[in-house]
Amino acid sequence: MNDVKAILLGAGLGTRLRPLTNQVTKCLVPIAGRPLLDYWVEQIAATGVNEALINTHHLAEQVREYIEAINAQSGLQLLESYEPKLLGSAGTIAANPNFADGADEIIIIYADNFSDVNVRDMLAFHRQHDNPITMLLFHAPNPQACGIAELDAEGRITGFEEKPQQPVSDLANAGVYIFDAQVYKQIAEMNLFDLGYDILPQFISKMHGWVWEGYHRDIGTYETYLQAQRDAVEHNKRAFSGYQPAIFLDRDGTLIEQVHYLSRPDQVKLVPGGAEAIKKLRKAGFACILITNQSPIGQGIITENDLKEIHQLLSEQLAQHDTKLDGFYHCPAVPQIKDRTLIEHYDRKPGPGMLFKAAADMNIDLTRSWMIGDMISDILAGYHAHCEGLILVETGKGLENYEIAPQIPIHKVADLPAATNLILN
Ligand SMILES: [Mg+2]
């Protein structure tokens, strides 16, 4: 019986993902509501890995908490390798020369990619050929920015170059390797910095390439990260049969009259025709879910209990019209930046976190759902969660000075009843 271990390289700073990575370390940024690391942990567990090591640096305590949570479950055990100064991918191996003890192979994973690669199949391939290294390859849309491999007819890597000016192929290093334990030891002893630049060129023709034709994306930039949310929803679409569509509703300026820092229940007043609109939408089979940013809680202006009372009163007003909301989600995070188009906290709009949470809790098909709001942050939250329709109402704050990117189709209507007519027709 072969024993296989894994190293998850997750300590990168994620500078291009700021401001999100100011608050969460890159390997834990959520994709479709789950930390990125979750997807890799699931993959290696399915491959038969019982022990894996994660390197940490920026916001290491967050990863430590994650490790504890995984280790509290049965099965996979995670170990931490803390790096006060980033060591580089080869440096992490050099710092852990004995990690391969007792294993036949080590899987090395750059945990800042988002991929549906089947690592178990890759391991099976590795065990069939005679080379000590297998490198995962994918078809890169931008080969000049990647490490590019050249393969012979048997899949042996006969050339490898980082960021070539004239790429020989589009087959790019996907950041997953399998090393035989003995080669791992050898690489550890070389004591160098980067696998791609310093180590792999020395193993030309001692590596096989395994090409993944499925989904693989580097989420290094803010744009590719946001695209990955939508891809994840698209990817799961098959699972949505039987799921219901939802209307995600902003609260202030959309469902109720805009009041600056609403803090008392007596300030709650439904917009004209608001209750009837909810009633019609629910009758048409939509779950109606409130999605509200509540920074006044984070600032200490109101308490969680105050918010409960405010929403209780809202429910009572809707009950007078024989209708109700199906869910309430709020985010107490306080923004540090003014730009309402940048995600600083995943759950706070324009982050899609509350929508993904609701979708998971209530079996919602996001691709048949709509977001209705009065601000750019509402619209973008719906867009990042892959909602079918995005509606801006004129009853609240409006777009202010923001421009919407041309690829984001938005409907502008007068108010919630008009939005309802648009959806139902
Ligand atoms: Mg609003």
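Fully extended, how many nm does the chain gain between R238 and R264 (0.36 nm per residue separation, minus their Cα-Cα distance)?
This chain segment gains 5.0 nm when fully extended.
Got a sec to turn the phi values of segment 269-278 into Karplus ³J(HN,Hα) couplings, 6.51 cos²θ - 1.76 cosθ + 1.60 with θ = phi - 60°, whole Hz, x for Gly and Pro?
9, 4, 5, x, x, x, 5, 4, 4, 4
Would you mind checking which residues have amide H under 5 Å from E51's amide H? H placed 1.01 Å from N; only 5 or more apart, or other chain.
A6, Q77
Could you state the number of Å between the C-alpha centres of segment 284-352 and segment 133-196?
With segment 133-196 and segment 284-352 each reduced to a Cα centre, they are spaced 47 Å.
Compute the signed sum of charges (Lys and Arg +1, Asp and Glu -1) over the other residues within less than 15 Å, Cβ to Cβ, of M362.
So the environment of M362 carries a net charge of +1.
Would you please state the base-10 log of I(q)/I(0) at q = 0.12 1/Å for segment 316-425, with intensities from the Debye formula using one equal scatterer on every alpha carbon?
-0.44
Between A46 and K283, what is 0.36 nm times their sequence separation minus the Cα-Cα distance? Round to one decimal in nm.
81.1 nm is the gain from fully extending A46 to K283.
Can you list the equivalent-ellipsoid semi-axes of segment 4-223, largest first and in whole Å, using the square root of 5 times each Cα gyration tensor eigenvalue?
Its equivalent ellipsoid spans semi-axes of 25, 20, 17 Å.
Expressed in whole Å with the largest first, what are the equivalent ellipsoid semi-axes of segment 25-121 derived from the C-alpha gyration tensor as the square root of 5 times each eigenvalue? Provide the component values of the computation, followed by the final result.
Working: eigenvalues 70, 65, 37 Å².
Square roots of five times the eigenvalues give 19, 18, 14 Å.
Averaged across orientations, what area in nm² does the convex hull of the alpha carbons in segment 236-424 project?
Projected area, direction-averaged: 10.1 nm².
Quick one: which residues, 5+ away or cross-chain, put their amide H under 5 Å from the amide H of V211? H built at 1.01 Å from N.
Result for V211 returns L137.
May I ask you to evaluate 6.51 cos²θ - 1.76 cosθ + 1.60, the Karplus curve with θ = phi - 60°, for each residue of segment 173-185 and list the ³J(HN,Hα) values in order in whole Hz, giving x for glycine and proline?
Working through the residues one at a time gives 4, 9, x, 9, 10, 10, 10, 5, 4, 5, 6, 4, 4 Hz.
Among the listed pairs K269/K412; K237/K279; K269/K357; K338/K397; K26/K338, which are separated by more than 25 Å between their Cα atoms?
K237/K279; K269/K357
Which percent of Cα-Cα pairs in the chain sits in each 20 Å bin, short to long?
Cα pair-distance distribution for the chain, in percent: 24, 47, 24, 4.
May I ask you to derive the FRET efficiency for E213 and Q317 from their Cβ-Cβ distance with R0 = 56 Å, giving the value to the nearest 0.05?
The calculated FRET efficiency here is 0.55.
Considering Cα pairs under 8 angstrom that are at least six residues apart, work out the relative contact order of the chain and quote it in whole percent.
In percent, rounded to a whole number, it is 14.
Could I have the simple spin-label model distance between E388 and S74, label points 7 Å from Cα toward Cβ, reported in nm to one decimal?
4.2
Multiplying the sequence separation of S295 and A405 by 0.36 nm and subtracting their Cα-Cα distance, what value in nm do you get? Write down the numbers at each step before the final one.
Numbers: separation 110, 0.36 × 110 = 39.60 nm, distance 2.62 nm.
Here the answer is 37.0 nm.
Each value in this text was obtained by applying a stated rule to the coordinates, not by laboratory testing. Just so you know, these numbers come straight off a predicted model, no measurement behind them. When we count neighbours, we look across all protein chains shown, and the Cβ atoms used for this are built from the backbone with ideal geometry, even at glycine.
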